[in-house]
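The values are calculated or read from the model by the stated rules, or taken from the named source; none is laboratory data. Everything numeric in this text was worked out from a predicted model, so none of it was measured. Note: ideal-geometry Cβ built from the backbone for every residue, glycine included; neighbour counts use all protein chains shown. The protein model used for the area step is the full one, side chains on, heavy atoms only, and it has no ligands, DNA or RNA in it. Shrake-Rupley method; radii C 1.70, N 1.55, O 1.52, S 1.80 Å.
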Amino acid sequence: MRLKPFEFLNPSSLDDLFKFLDRYGREAKCIAGGTDLLVQMKQRQILPKHLINLLPLSGLRGIEKEGEVLRIGALTTHADLERSSKLEKGWKLLALAVHKIGSPQIRHLGTIGGNLCNASPSADTAPPLLVLEADVCLSGPGGVRRVPLEAFFKGPGQTELREDEVLKEVILPKPPEGGLFTYLKLGRRKSMDLALVSVAVLLTVDHKRETFGQVRIALGSVAPTPIRAKGAEKRLEGSLLGDEAVQGAAEMAAKECHPITDLRASAEYRREMVKVLVERAIKQSLGISIPPTGI
Amino acid sequence: MVNGEPFELEVEAHRTLLEVLRNELELRGAKEGCGAGECGACTVLLNDEPVNACLVLALQADGKRITTIEGLSREGELHPIQEAFIRHGAIQCGFCTPGMILSAKALLERTPNPTEREVRESLVGNFCRCTGYQKIVEAILSLAKSGH
């Protein structure tokens, strides 16, 4: 598969980048790891005349703790995230999820910024970042806007990013104290697949382990964008730990999603699997062992 | 820098690292299986980490250290991983082999004593249609046991 020719631009600073975006507008695309973009270009889904190489902007790669908050540069690769000791406590959920992306080869090229801006409904960084209540920083010639991730996704492949902006970093607030978490990714294979359904859970329980405290549940691949299952969350918060609450929440989540039928699975199957995976994800978060599930 | 040797090439922007390695540099160990980063037959090491060369623009590899399968043997002497693959019958048609060996090299350098599960996980991006993977895994594990 050959790429069609394009002009390759190497900005040495964000200002350079904004100049290129301003000059070329829709005829330019930014490239980081290229694991989604180059495949789309090879398949002729998009044919940008100019590619702006983000990799020289090395300041956009890195993971830094700043006070109680974690800042992740957009060019941080999935391999960087998997290996970082800075992703501790609740933030570790992100590291566990990116481990399920593709292969080591893909993870050494692919970036968190690329995963989010490509905005596939099945993006594996999204459900974890949604339950971690991350914000994204969108940088443009006029300055930086900070947007909650929930507001960033607009539709399949569509985001809040304006034509003159670049995603600069992802900011993770301090996770709830004692947060328990799980990411489950259902696939057709044990690896190298996109999620048919994915679920991220982050929850707390009271010190007697009798009731649920905070509960956050995010679903991937079952709506035009990754979503929070807020009805399911409310069903659990404050409820007594037990099968009734968990099953109630799982059923609620299945009602809240909007899956489609595509070549990988039917809508009905996906909806049913949301119920199964939400129940399992809650149980696993509580330390209850579940059957092997997905990737 | 390819296999320790510096190169200076003028390439068009739309050429991938895989194309340039195979055509301009005539290093044909890396293969095009799918062109989309799914099969791993094009695996090379970029700054010691495995990547799909079909998804790296040649220009993005500028200034980086590239290792291909050809860079493993020294003065006609095979690398221990290559020896292990031969010894264990881990090669049939050989198409996946360069990628497999480079993924294995990266694994063993990071994790000198991997478990079977770690070996298999490190190879999820390298497909083999011939062997069923068993001998490949055994070859790599044999290097772990001998303390490589």
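Scanning the stretch A:15-33 for residues that are open to solvent by less than 50 Å² (accessible area, probe 1.4 Å) and touching a residue at least 60 places away in the same chain (Cβ under 8 Å), we see that the one that is farthest from A:Lys168 (Cα to Cα) is A:Gly25. Any residue that is in contact with an Asp or Glu (Cβ under 8 Å, 6 or more places away or on another chain), more than 11 Å from every other protein chain (Cβ to nearest Cβ) and not β-branched (Val, Ile, Thr) - is there at least one of those in the stretch B:121-128? No - not one qualifying residue is present in the stretch B:121-128. Scanning the stretch A:216-254 for residues that are in contact (Cβ under 8 Å) with a residue 60 or more places away in the chain and either out of contact with any strand residue (DSSP E or B) (no Cβ under 9 Å at 6 or more places or on another chain) or open to solvent by less than 20 Å² (accessible area, probe 1.4 Å) (or both) yields A:Ile217, A:Ala218, A:Leu219, A:Gly220, A:Ser221, A:Val222, A:Ala223, A:Pro226. There is at least one residue in the stretch B:50-73 that is surrounded by fewer than 24 Cβ atoms within 10 Å (Cβ to Cβ) and modelled with pLDDT under 95.
Let's see how each residue does on (1) away from chain B (no Cβ under 14 Å); (2) in contact with a helix residue (DSSP H, G or I) (Cβ under 9 Å, 6 or more places away or on another chain); (3) in a strand (DSSP E or B); (4) open to solvent by less than 20 Å² (accessible area, probe 1.4 Å):
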residue	(1), (2), (3), (4)
A:Thr35	no, yes, no, no
A:Leu38	no, yes, no, yes
A:Leu47	no, yes, no, no
A:Arg71	yes, no, yes, no
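When the residues of the stretch A:258-288 are filtered to those that are hydrophobic (A, V, I, L, M, F, W, C) and free of Cβ contacts under 8 Å to residues at least 24 places away in the same chain, which remaining residue is surrounded by the fewest Cβ atoms within 10 Å (Cβ to Cβ)? So, considering only residues that are hydrophobic (A, V, I, L, M, F, W, C) and free of Cβ contacts under 8 Å to residues at least 24 places away in the same chain, the one surrounded by the fewest Cβ atoms within 10 Å (Cβ to Cβ) is A:Leu263.
Of all residues in the stretch A:82-120, exactly one satisfies the criterion of being in a helix (DSSP H, G or I) and on the phi > 0 side of the Ramachandran plot, namely A:Lys89.
Just so you know, in the stretch B:45-56 the residues that are at the interface with chain A (Cβ under 9 Å from one of its Cβ atoms) and touching a Ser or Thr at 6+ places or on another chain (Cβ under 6 Å) include one that is farthest from A:Leu109 (Cα to Cα), and it is B:Cys54. Just wondering, is there one or more residues in the stretch A:51-58 that are in a helix (DSSP H, G or I) and under 30 Å from A:Leu94 (Cα atoms)? Yes - at least one qualifying residue is present in the stretch A:51-58. The set of residues from the stretch A:175-191 being surrounded by fewer than 21 Cβ atoms within 10 Å (Cβ to Cβ) and either outside any loop (DSSP other than H, G, I, E, B) or in contact with a Phe, Trp or Tyr (Cβ under 9 Å, 6 or more places away or on another chain) (or both) comprises just one member, A:Leu180. The numbered conditions (1) farther than 22 Å from B:Glu138 by Cα; (2) at the interface with chain A (Cβ under 9 Å from one of its Cβ atoms); (3) outside any loop (DSSP other than H, G, I, E, B) are all true for B:Glu70 except (2). Pick from A:Phe8, A:Phe20: which is over 17 Å from A:Gly113 (Cα atoms), in contact with a strand residue (DSSP E or B) (Cβ under 9 Å, 6 or more places away or on another chain), aromatic (Phe, Trp, Tyr) and more than 10 Å from chain B (Cβ to nearest Cβ)? Residue meeting the stated conditions: A:Phe20.
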